[in-house]
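A short write-up of the structure that comes next.
The values are calculated or read from the model by the stated rules, or taken from the named source; none is laboratory data. The structure displayed is predicted, hence computed values, not measured ones. Don't worry about glycine lacking a Cβ; one is built from the backbone with ideal geometry, like all the others, and counts go over all protein chains shown.
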Amino acid sequence: MSAISIRNLDVVFGDKVEASLKLLDQGKTRQEIIDLGGNVVGVHNASIDVAEGEICVLMGLSGSGKSSLLRAVNGLNPISRGELLVRDGEQMVDIGSCDETTLRHMRTRRISMVFQNFALMPWLTVLDNVAFGLEMQGMGKQERRAKAMEKLEMVGLHEWSDKYAHELSGGMQQRVGLARAFAMDSDILLMDEPFSALDPLIRSQLQDELIELQQRLNKTILFVSHDLDEALKIGTNIAIMESAKIIQHGRPEDIVLNPVNHYVEQFVAHTNPLNVLKGRSLMTNTAQLERLEDMLVLNRNDNTCISTNTDGQVISASRQGKPLALHHWQEGQNISQLPEDTLVMATPDISMRQAIEIRYRTGHPVLLNEKDSLIGILSDKDFYHALLGKHFTTTEAGMAGG
Amino acid sequence: MNWITEHKIPLGSWMEAFVDWLTFNAAGFFDAISVSLEWVILSVVEIFQWFPPYVPMIMAAALAWALHRRISLVIFVVLALLLILNLGYWQEMLETFVLVLTATTLSVVMGVPIGILAAHKPKLYTFMRPILDMMQTIPTFVYLIPTLVLFGLGVVPGLISTIIFAIAAPIRLTYLGISKVPEELIEAGKAFGATPSKLLFKVELPAAMPSIMAGITQCIMLSLSMVVIAALVGADGLGKPVIRALNTVNISQGFEAGLAIVLVAIILDRIFKNPGSKEES
């Protein structure tokens, strides 16, 4: 069930909306429209659905329209054309056409927001900042302070409740911002580059905290980021935007493996694939392995081979004629306690990071089994490909290398 | 060139005709304002006079302590007030204080809402700016004349002239404060569902408060600078002995009354400037 449903949305800023939309329909670019005396186009023909409980990351360079799209969802930006539906219980409310009262209801009860530069009120204490939204809901002082305290405890800042925002570090200020948004108990959270103003260590820490909180609270989160690593880490889905349009929308792995154009490719080339890529998309297929009599060669240099039965099940392994132990690894098993010098078999859904750890520990390629039969292996070559950002051109690279 | 001098544009006569028209048609209105304002000011002065001098002194000292928590300021305030009492200007000081208080209160009550309105409607401010400039640059004696005609001799024309002169400060600084509220705070207010009035009272006004307070302090000082001029049209207060000293070339009286004005100015400035701010020391 989708919490936010956007259809053919255009956002145009300024007073010449009609004329600008007409130019847009004629296929003019953003810059051409400005040159012709039109307005700035923030979002052009965006359609996207965000399911309940999902974290959807809007990704793109600055000026790509990701913040404009985010701000349209709670009506901070004008909706010039198209449909933007947000779930309110059993019904969907069109933010573009609803009246002031409904919009206010959506803002106080359904959608809350976290800002890039925190947007905390400098004259209020931390506690009253967290209670700010509740005050807008019309909640009494005692009640809202009690509830705000609860949320401050959730983000670990209850001992700072009577301090002012400027007395806190950036990371702590954004935790206050998070607590303020959580205090509303709304189902939908809009986060506008919430961690971009923080230094890398704190950023990563807050990302982890957000993921952890999300597992407990199960909100629908629309998250804006210009950092693909961040998007890959926290996103259930990622929508990539370029000059006001959504150009690719999909699961993190899809984005990394199949970038639609050069723009996305560039993002992908600069990400760390360790947490995103799965064994299945990296592996060398069994069919591509070199055969020596009835054995499959894993490493020609030290003559490491495996033999399989007719069902494709690995039955034995050897190195220079001496047998090698086989070990089944399951998600959750401690890699550092695996026996050294064994061949490890794992599921194709293993993450690249874990596969590399196993390779590092055992000194051998990782065998990937599905339904007890070998479907491929992960060897150093596969890892290097991924690390060099060449995995989305595997076929070429494979052919050139093979 | 003769033609130009011979055909004088009767700007002055037009203004006079306008004031005459006002006096003729709205005399009742202006009289009502005059009588009620005069009554308010005189009653407040009487209330203060009813107390023995140490009561206002303790009140001033307590206010200084409450706003600034500095014992040196409290001592200064008490000593300065004792000196004024000793010089024999206690009653005049009270009259001046009440005049400043009334002028500031009325300026703030009118000026802050006008400033808010101007910040929300930039076009209104473009229109208002030359008027504000004019109110502050026209020599105050000039608008003393029509106010004198409209409100009669006494404290009220002085008060009105003071307000015309001083109201620009709260308007300008409220406008400045409200229009400088960071966009992100406004967005946060809206995003959490603030109604326009909540946005004003819970976000814009608190954020603009330092600027508005500066406007009020300025307004107090501008009002005080008008006391001597207000005395010309019959307002009571420390301006009166100054005028009298000027007319009789009385150096000693002029010096003492002038000193009393300076002391009142310093007290008001020190007490009302940046109340509660931690950076001042």
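Quick rundown of the values:
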item: Region B:175-197: number of residues that are facing chain A (nearest Cβ under 10 Å) and either in a loop (DSSP other than H, G, I, E, B) or surrounded by fewer than 17 Cβ atoms within 10 Å (Cβ to Cβ) (or both); result: 8
item: Strands (runs of 3 or more DSSP E) (entirely within region A:281-359) containing at least 1 residues that are of a type in the set (D, E); result: A:290-292
item: Answer from A:A131, A:A119 - the residue that is among the small types (G, A, S) and in contact with an Asp or Glu (Cβ under 6 Å, 6 or more places away or on another chain); result: A:A119
item: Region B:1-42 - residue that is within 18 Å of B:S161 (Cβ to Cβ) and of a type in the set (S, T, N, Q) and, of those, surrounded by the fewest Cβ atoms within 10 Å (Cβ to Cβ); result: B:S36
item: The listed residue being more than 28 Å from the chain's Cα centre (by Cα), at negative phi and either in a helix (DSSP H, G or I) or at pLDDT below 95 (or both), out of A:A197, A:A146, A:A179; result: A:A146
item: Given (1) over 25 Å from A:D187 (Cβ atoms); (2) modelled with pLDDT of 95 or more, index of the condition A:L61 fails; result: (2)
item: Options A:L76, A:L24: the member that is more than 22 Å from the chain's Cα centre (by Cα) and part of a helix (DSSP H, G or I); result: A:L24
item: Candidate set from region A:84-115 (those that are part of a loop (DSSP other than H, G, I, E, B) and of a type outside the set (S, T, N, Q)); member that is nearest to the other protein chains (Cβ to nearest Cβ); result: A:F115
